[in-house]
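Worksheet for the structure shown next.
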Amino acid sequence: MRLKQVIIAYKAGDKESKKWAERCARELEARQCKVLLGPSGVKDNPYPVFLASAGQKIDLGIILGGDGTVLAAARHLSPESIPLLAVNVGGHLGFLTEPFELFKDTEKLWHRLENDLYAVERRMMLEAQVWEREKDNCEPVSDRFFCLNEMCVKPACLDRMPTSLLEMEVDGEVVDQYHGDGLIVSTPTGSTCYTASANGPIMHPGMSAIAVTPICPLSLSSRSLILPPRSVVTIWSLGDYELNNKLWTDGALATTMWPGQWVNVKMADCNAQFIILRDSHSFYKTLRDKLQWAGARIYYQNNHRN
């Protein structure tokens, strides 16, 4: 990998991640690398400025923070085919990040990157766009939105707690109507996040598949569905014309949906590319450690086998 132009984004408001970001910037600039540096958070989105001001190809995005910081980077940088080195600095769970221990020797890190001493893990993403019918034509009424975890349609109202009435089609065929708190359309990566909280399935990130999970449905027959990766999931907003729904992407607000509009969700043409520094990279170990499954807290010499 060449290191001629690099983005460094750190968790907004976190002193530790900012300190390491500035250190990385100094060392890379000493190697004649142009660095685009800035905070990323709920109120800070540096990526449009980074991409607009880049005079040449961006070789790498270094993301210092937790999973939320990584998700924001993936949404903006993966469509541009920019690989991500995500490190847990100032984050909490760190499902998507590399351990800090493999990052803190930064001079060794630059040597590994320049000599391709790393692996690349590609993860499926989703894209969504809101549509409506204008006379005899169907026209998009929103930008295209990308996510690494999930797209979510939920009701929006300031003065009450309404439930949403949503109809789902898959490849043009009506599957079900959902009356409840919303609907999650997830990637395998996102299956361990909001989908898991809604009692959805956990999928291996090496898969290509789409999970659709209702949130607190008012019908006991409503269940999660696992769909082939090339499926197009269409969600219609039905019911009360005074009630709008909102489309969320990885927990960030994308746009508003009104009755009569629909959103198409499908597998994106791009993948998130993560730089892997670990010698052994196990999804199952990540589940044991991050989710604190019971078997991870009790270790037996014979590995449970007599």
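The values are calculated or read from the model by the stated rules, or taken from the named source; none is laboratory data. Everything numeric in this text was worked out from a predicted model, so none of it was measured. Note that we place each Cβ from the backbone using ideal geometry, even for glycine, and neighbour counts take in every protein chain shown. Areas reflect the complete protein model, heavy atoms only, side chains present, ligands, DNA and RNA absent. Shrake-Rupley method; radii C 1.70, N 1.55, O 1.52, S 1.80 Å.
Applying a threshold of 7 Å to beta carbon distances and a minimum spacing of six or more residues, or different chains, the list of pairs starting in the range 58-70 at a residue that is crowded, with 23+ Cβ neighbours inside 10 Å and ending at one that is modelled with pLDDT under 95 and acidic (Asp, Glu) reads 65/14.
In the set (1) open to solvent by 50 Å² or more (accessible area, probe 1.4 Å); (2) among the β-branched types (Val, Ile, Thr); (3) closer than 30 Å to residue 59 by Cα, the condition left unmet by residue 97 is number (1). Inspection of the range 146-158 identifies at least one residue that is open to solvent by 60 Å² or more (accessible area, probe 1.4 Å) and free of Cβ contacts under 8 Å to residues at least 40 places away in the same chain. The residue that is nearest to residue 26 (Cα to Cα), counting only those in the range 103-120 that are aliphatic (A, V, I, L, M) and part of a helix (DSSP H, G or I), is 109.
I'd like to know if the range 17-36 contains one or more residues that are acidic (Asp, Glu), surrounded by 14 or more Cβ atoms within 10 Å (Cβ to Cβ) and under 18 Å from the mean Cα position of the chain (by Cα). Scanning the range 17-36, I find no residue that is acidic (Asp, Glu), surrounded by 14 or more Cβ atoms within 10 Å (Cβ to Cβ) and under 18 Å from the mean Cα position of the chain (by Cα), so the answer is no. Pairs linking a residue in the range 40-53 that is over 19 Å from residue 16 (Cα atoms) to a residue that is open to solvent by 60 Å² or more (accessible area, probe 1.4 Å) and at pLDDT 90 or above, with Cβ atoms under 8 Å and 6 or more positions apart or on different chains, are 51/80.
Checked against (1) under 13 Å from the mean Cα position of the chain (by Cα); (2) polar (S, T, N, Q); (3) more than 29 Å from residue 13 (Cβ to Cβ), residue 149 passes all but condition (3).
Restricting attention to the range 237-281, and to residues there that are part of a loop (DSSP other than H, G, I, E, B) and touching a helix residue (DSSP H, G or I) at 6+ places or on another chain (Cβ under 9 Å), which single residue is modelled with the highest pLDDT? If you could, list the steps in order and put the result at the bottom.
Within the range 237-281, the subset part of a loop (DSSP other than H, G, I, E, B) is 239-243, 250-251, 258-261, 277-281.
Next cut, touching a helix residue (DSSP H, G or I) at 6+ places or on another chain (Cβ under 9 Å) only: 250-251, 277-278.
Numbers: 250: 96, 251: 92, 277: 93, 278: 89.
For the range 237-281, the residue satisfying everything is 250.
Residue check: residue 227 meets all listed conditions (1) of a type outside the set (Val, Ile, Thr); (2) surrounded by fewer than 22 Cβ atoms within 10 Å (Cβ to Cβ); (3) under 24 Å from residue 162 (Cα atoms); (4) at pLDDT 95 or above but one, namely (3).
Of all the residues in the range 196-224, those that are in contact with a Gly (Cβ under 7 Å, 6 or more places away or on another chain), open to solvent by 20 Å² or more (accessible area, probe 1.4 Å) and either touching a residue at least 60 places away in the same chain (Cβ under 8 Å) or over 21 Å from residue 123 (Cβ atoms) (or both) number 3.
A residue that is open to solvent by 10 Å² or more (accessible area, probe 1.4 Å), without any contact (Cβ under 8 Å) to a residue 24 or more places away in the chain, out of contact with any Cys (no Cβ under 8 Å at 6 or more places or on another chain) and more than 23 Å from residue 284 (Cα to Cα) can be found somewhere in the range 165-188. Against the definition (open to solvent by 40 Å² or more (accessible area, probe 1.4 Å), in contact (Cβ under 8 Å) with a residue 12 or more places away in the chain and either closer than 24 Å to residue 28 by Cβ or out of contact with any helix residue (DSSP H, G or I) (no Cβ under 8 Å at 6 or more places or on another chain) (or both)), how does residue 87 come out, yes or no? In short, no. Only strands (runs of 3 or more DSSP E) whose full extent lies in the range 12-102 are considered here, and the ones with at least 2 residues that are more than 29 Å from residue 281 (Cα to Cα) are 34-40.
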